[in-house]
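See below for the structure under consideration.
Nothing in this text is a laboratory measurement; each read-out follows from the coordinates by a stated rule. Note that the structure is predicted; figures quoted are calculated from it, not measured. Reconstructed Cβ throughout: ideal geometry from the backbone, glycine too, with neighbour counts over all protein chains shown.
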Amino acid sequence: MDTYARNLRTNGVPLPEIARKLVITSGENQGKRPSVATVYRILAEDGPES
């Protein structure tokens, strides 16, 4: 999920649209979609965008 989100962001896809395309694949929330805030956190792990 992380890699897919980063690839979408690199291609210029807006964050809300990225959140709609992702699905959590394991854990308690399996099958649900992450929030936009979660997508921001995933992408923030890479550091600031240049």
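Brief remarks on what is shown
- Neighbours by Cβ (under 9 Å, 6+ apart or cross-chain): first from segment 1-26, touching a residue at least 40 places away in the same chain (Cβ under 8 Å) and of a type in the set (Asp, Glu); second exposed (fewer than 13 other Cβ atoms within 10 Å of the Cβ) and assigned to a loop (DSSP other than H, G, I, E, B): Asp2/Glu45
- Test: residue in segment 26-33 that is in contact with a helix residue (DSSP H, G or I) (Cβ under 9 Å, 6 or more places away or on another chain), in a helix (DSSP H, G or I) and surrounded by 12 or more Cβ atoms within 10 Å (Cβ to Cβ): no
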